[in-house]
Amino acid sequence: GCGDCGVQSNCVAIEPEETLLGRKRRINQSVCNKDFSCVKGLCPSFVTVTGGTLRKGAAAVTSAEPATSLPLPQLPRLDDGYSIMVAGIGGNGVVTVGAILGMAAHIADLGVTVLDLSGLAQRNGPVTSHVRLTASTEIGHAPRIPEGSADLVIGCDLVVAAGGENIAKLARERTQVVYNRFVAPTSGFASNPDLDFGPDRLAAAMADRVGEQAMSGLDATRIALAQLGDAIGANMLLVGHAWQKGLIPLPLEALEQAIRLNGAAVDLNLAAFRLGRVAAVDPAAPARWLADRQAEAGQAPSLDDMIAARAQLLTDFDGPALAARYRAMVERVAATEQGLAGHRGDLTRAVAVGYAKALYYKDEYEVARLFTDGTLQRRLAETFDGDLKLRFNLAPPVFSRRGADGRERKREFGPWVLTAFRLLAAMRPLRGGLFDLFGKTAHRRTERALAGEYEQLAERLLTITTSDNLAEVARLAGAYEHVKGYGVVKEGKLAEVRAQVAEGLAALEQDRE
């Protein structure tokens, strides 16, 4: 979760994945541009897969009611024209949506202009498509939608849709908004790995302009991945949802013919369009489609679940004694907070996360265990079909040279390394002992010492904690959560955290005097 891969690549295909153990990263295979610059990140988790193809899910509507029998909506009238703005990021099919809507208008013998606007970046930059429809083929309007004149906004990406210039197109009692609740990473994610990716703040900004009743959000990206196996289907899913809600004044036959004429991923786009229609008719359908994706359902984990997950991780890492040591500290802090505030809260959560981070580290034995515990094989099977060949991108500290920037240089290793991983995983009892060949480096000694360092901090904080300074104590106790990464990346973050904690402790103790 350190985000160094994003720093190296600045790529939006690196997406956050929220888990009980905090935010991790995953590669969105649907939008990856295959330049592989992310591999330079100091992390051993990058596996290069060749010889296979992306697995596609069953492109079938999973509603009890077949798509062909869905009711037809009443479409808007075109007496005064109709303006649709499609907003998203480059490379994800925004221009394609505009082209399909424009072609459908031509098929229906309507007047239409389509204006595509992109930023400096053709890929991953903001892109909007202005589609303006008239009942007559005689065009008497400018192709760009004026301020306050959008009748429908299809927000394929909320960050773009809620941007200053685009949000100005919205108007209360006129504009309807259909948007994707999935927020794609921005370039800011590279410099701030803990960036908030919740859709609520962005959606609220748009709702202030149009009213809550005009907003319709859908987990389009997650539905497309779950039902179609490809995130690219999200945009057409939103189009289907908007059409079924009676917000696009184009005949069904014209839209489906335009999708076929476009010629790209026809079956996927038709299925996505139908899924969007079903979601409009059956609002409970999206929850059923995503029922098996608990980590992505948006539910914040409970404190007990967070503690249990970390205790289990520590058990797998180094045995039950380490997990018992962890629980004892967390329970002691929880009792203190209960006495001061009447409940467990931010301080207990901060220690539960920060102390686990100090106790746990991914040395060679742990990396080997994680690569051979079945997770890699399961995710490969979920993502790819065919005869796969694997290459592992690693920088073993004992064997890797450092460049002028102090970073270890990564090299590719063939699939034979899995055999070495199995052997290393079995050698975990050597960790920290006399025969630990990997534990002699200064970096490993620092990692092993972090547990004691954190325990000293916790003892010091408990002596100065009061009901008035609980929030600041929790902030300092949770600071070690940000000690992430490998090699020089982790060392840099540790130095930052130590400086923040020292400054905060000095301020707290000064307040006591």
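Remarks
- On the chain, 53 percent of the accessible area sits on carbon and sulfur atoms, based on a 1.4 Å probe.
- Karplus 3J(HN,Hα) series, Hz, for region 336-345 with 6.51 cos²θ - 1.76 cosθ + 1.60 (x for Gly, Pro): 4, 5, 4, x, 8, 10, x, 6, 6, x
- For the chain, the Cys residues with no second cysteine's beta carbon closer than 4.7 Å are Cys2, Cys11, Cys32, Cys43, Cys156.
- Point-charge dipole on Cβ atoms (K/R +1, D/E -1) for the chain, about Cα centre, debye to 20: 1700
- Hz values of 3J(HN,Hα) by residue in region 134-140 - Karplus curve (6.51, -1.76, 1.60), Gly and Pro given as x: 9, 5, 9, 6, 6, 8, x
- Integer Hz, Karplus 6.51/-1.76/1.60 couplings in order for region 244-254, x for Gly and Pro: 5, 7, x, 10, 10, x, 10, x, 4, 4, 5
- Listed pairs Lys40/Lys493; Lys357/Lys490; Lys40/Lys484; Lys389/Lys490; Lys357/Lys410; Lys34/Lys484 exceeding 21 Å between Cα atoms: Lys389/Lys490; Lys357/Lys410; Lys34/Lys484
- Listed peptides 459-470, 359-370 by packing density, highest first (mean Cβ within 10 Å): 359-370, 459-470
- Near the amide H of Cys2, within less than 5 Å, lie the amide hydrogens of Gly485, all on another chain or at least 5 residues away, with H placed in the peptide plane.
- Over the chain, Cα pairs under 8 Å with separation of 6+ residues give a relative contact order of 17 percent.
- Matching label, Kirkwood radius over Cα pairs in Å computed from the structure shown, candidates [x] 30.3; [y] 23.6; [z] 25.6: [z]
- Bridge type composition, the chain - antiparallel percent by DSSP, nearest 5: 75
- Excluding ligands, DNA and RNA, the accessible surface per residue across the chain is 47 Å² with a 1.4 Å probe.
The values are calculated or read from the model by the stated rules, or taken from the named source; none is laboratory data. Bear in mind the structure is a predicted one, so any value in this text is a computation, not a measurement. Note that each Cβ is placed from the backbone with ideal geometry, even for glycine, and that neighbours are counted across all protein chains shown. We work out accessible area using only protein heavy atoms, side chains counted, and drop any ligands, DNA or RNA first. Shrake-Rupley method; radii C 1.70, N 1.55, O 1.52, S 1.80 Å.
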